[in-house]
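Novice: I have a structure here, written as structure tokens, and I will follow up with some questions on it.
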Amino acid sequence: MRRIALLGATGSIGRQALEIVEAHPELELVAAASGSQDVTGLAPLTQVGGDLTGLLDRAEPDIVLNAVVGFAGLPATLWALERGVTLALANKESLVAAGDLALAAQRRGGGALLPVDSEHSALHQCLEGHSPESVESIVVTASGGPFRGRTRAELEDVTPAEALAHPTWAMGPKITVDSATLANKGLELIEAHFLFGLPYDRIEVVVHPTSVVHGLVRFRDGAALAHLGYPDMRVPISYALTYPDRSATPVPSLDLAGGLTLEFSAPDLETFPLLSLARRAGERGGTYPCAFNAANEVAVAAFLAGRLPFLGIADAVEEVLAAVDGAPARDLDDLVEADAQARRLLEPVA
Ligand code: NAD
Ligand code: MG
């Protein structure tokens, strides 16, 4: 039996995780939490809002599936890593914001960190069993989102409803907007840096509109291994919860004879500046990634509330990154302050 604590149980990832847990008698849901929606009866221990680490203390899970959205997921990420409890991580924002602190906690705890983000799950699978010296670079694919192919001028007046219409993935509102701006790929670039220990110049982002290839690893002998599958988060969720086994899921296998379109192209960095802003924040290190994430969270919420135009999201993030000093966080207090400082800078739109 594996005891699972599911945080963010009412969200897009959370609901799909419930389906996976229900299908596996060996997975036992011991705790479930949400930010504001009712979770009564989902698990023996439940909590709505507040500090989730108390719930985790009481639940004593074998696996924490962190599917909270945003910086709010950080305490749970650190709780699991510090204790060596397996962390199935969908909440990429916590790893982006706290990268160095999170990895230090993982070294002390000695537990597994299994990515649930589809691209990182794919890369984890392609990298497994290969020596770090044999790896040349990794490739994270991006669908390009609903505005792929548009110019900046064509993005001036786009509405939240248009940004929320993702071509290949059905997800929560925050990550869907992040996919439209390519901030999501920026977060994933930083996430990949911390998960796989590669410098940024060995992590490539390519646009692949059908989202069938989730990630590729290039090796020094000229070979590349890719991970393919229909875009369905139940696959990476199931992989993380049943690792190292591979359990059956209801997801159909690829229909190759029916025709598959595998096209790749470079991202349009001029139209979608958040990808380059994330790369620069990641390369500068310290609390720049934390500031990038905080500013993006505030700006996305402002866009969804109609207080900021679509292109204003990148402007807001750029402004914040120019204003902060990015000094490394020595501890969680420093990090929480860096997050708060970035948010304060955007108070006029928040
Ligand atoms: P969502 O908005 O659908 O769900 C978010 C969940 O977090 C909800 O259950 C909500 O109640 C909970 N939550 C929010 N604030 C909270 C708080 N302060 N305390 C406790 N719970 C809180 O989001 P989602 O699409 O499921 O995404 C969740 C995470 O997974 C995000 O970090 C996202 O980037 C990542 N992710 C999602 C997908 C996807 O397909 N949806 C894919 C890859 C990664
Ligand atoms: Mg992803």
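The values are calculated or read from the model by the stated rules, or taken from the named source; none is laboratory data. Owing to the predicted nature of the structure, the values given are computational and were not obtained by experimental measurement. Because the Cβ atoms are built from the backbone with ideal geometry, glycine has one as well, and the counts that use them run over all protein chains shown. Side chains included, ligands, DNA and RNA excluded: accessible areas come from the protein's heavy atoms. Shrake-Rupley method; radii C 1.70, N 1.55, O 1.52, S 1.80 Å.
Novice: For the range 48-58: of the residues being surrounded by 14 or more Cβ atoms within 10 Å (Cβ to Cβ) and within 9 Å of ligand 1 (Cβ to nearest atom), which is farthest from ARG343 (Cα to Cα)?
Specialist: Of everything passing the filter in the range 48-58, VAL48 is farthest from ARG343 (Cα to Cα).
Novice: Given PRO25, PRO61, which one is open to solvent by 70 Å² or more (accessible area, probe 1.4 Å), out of contact with any Leu (no Cβ under 8 Å at 6 or more places or on another chain) and within 19 Å of SER238 (Cβ to Cβ)?
Specialist: Residue meeting the stated conditions: PRO25.
Novice: Only one residue in LEU101, LEU89 is open to solvent by less than 10 Å² (accessible area, probe 1.4 Å), touching a residue at least 12 places away in the same chain (Cβ under 8 Å) and either more than 16 Å from ligand 1 (Cβ to nearest atom) or under 12 Å from the mean Cα position of the chain (by Cα) (or both), so which one is that?
Specialist: The conditions single out LEU89.
Novice: When residues of the range 194-242 are filtered for being under 29 Å from ALA23 (Cα atoms), open to solvent by 60 Å² or more (accessible area, probe 1.4 Å) and not in a strand (DSSP E or B), how many remain?
Specialist: Looking only at that region, the number is 1.
Novice: Residue by residue through the range 104-125, note down the ones that are hydrophobic (A, V, I, L, M, F, W, C), surrounded by fewer than 22 Cβ atoms within 10 Å (Cβ to Cβ) and farther than 25 Å from VAL336 by Cβ.
Specialist: Across the range 104-125, the qualifying residues are ALA112, LEU114.
Novice: Right, here's the next one. Give all pairs with beta carbons closer than 9 Å in which a residue from the range 139-161 that is of a type in the set (Ser, Thr, Tyr) and open to solvent by 40 Å² or more (accessible area, probe 1.4 Å) meets a residue that is at pLDDT 95 or above and outside any loop (DSSP other than H, G, I, E, B); count only pairs at least 6 apart in sequence or on separate chains.
Specialist: From the range 139-161, the pairs are THR159/PHE310.
Novice: Still on this model: Scan the range 162-178 residue by residue and report those that are open to solvent by less than 10 Å² (accessible area, probe 1.4 Å) and within 12 Å of ligand 1 (Cβ to nearest atom).
Specialist: THR176, VAL177, ASP178
Novice: Name every residue in the range 251-267 that is part of a loop (DSSP other than H, G, I, E, B) and in contact (Cβ under 8 Å) with a residue 40 or more places away in the chain, in order of residue number.
Specialist: Within the range 251-267, LEU254, LEU260, THR261, LEU262, GLU263, PHE264, ALA266, PRO267 qualify.
Novice: Just one of PRO348, PRO328, PRO309, PRO252 is at pLDDT below 95, open to solvent by 70 Å² or more (accessible area, probe 1.4 Å) and not polar (S, T, N, Q); which is it?
Specialist: Just one listed residue meets the conditions, PRO348.
Novice: Going by the conditions given, is THR168 under 17 Å from the mean Cα position of the chain (by Cα), among the β-branched types (Val, Ile, Thr), under 21 Å from THR151 (Cα atoms) and part of a loop (DSSP other than H, G, I, E, B)?
Specialist: Against the criterion (under 17 Å from the mean Cα position of the chain (by Cα), among the β-branched types (Val, Ile, Thr), under 21 Å from THR151 (Cα atoms) and part of a loop (DSSP other than H, G, I, E, B)), THR168 qualifies.
Novice: Which pairs have Cβ atoms under 7 Å, sit 6 or more apart or on different chains, and link a residue in the range 49-66 that is at positive phi to one that is open to solvent by 30 Å² or more (accessible area, probe 1.4 Å) and in a loop (DSSP other than H, G, I, E, B)?
Specialist: Here the result reads GLY49/GLY35; GLY49/SER36, each pair linking the range 49-66 to a residue that is open to solvent by 30 Å² or more (accessible area, probe 1.4 Å) and in a loop (DSSP other than H, G, I, E, B).
Novice: Which ones in the range 299-350 are free of Cβ contacts under 8 Å to residues at least 40 places away in the same chain, more than 23 Å from PHE147 (Cβ to Cβ) and not in a helix (DSSP H, G or I)?
Specialist: Within the range 299-350, VAL324, ASP325, ARG330, GLU347, PRO348 meet the criteria.
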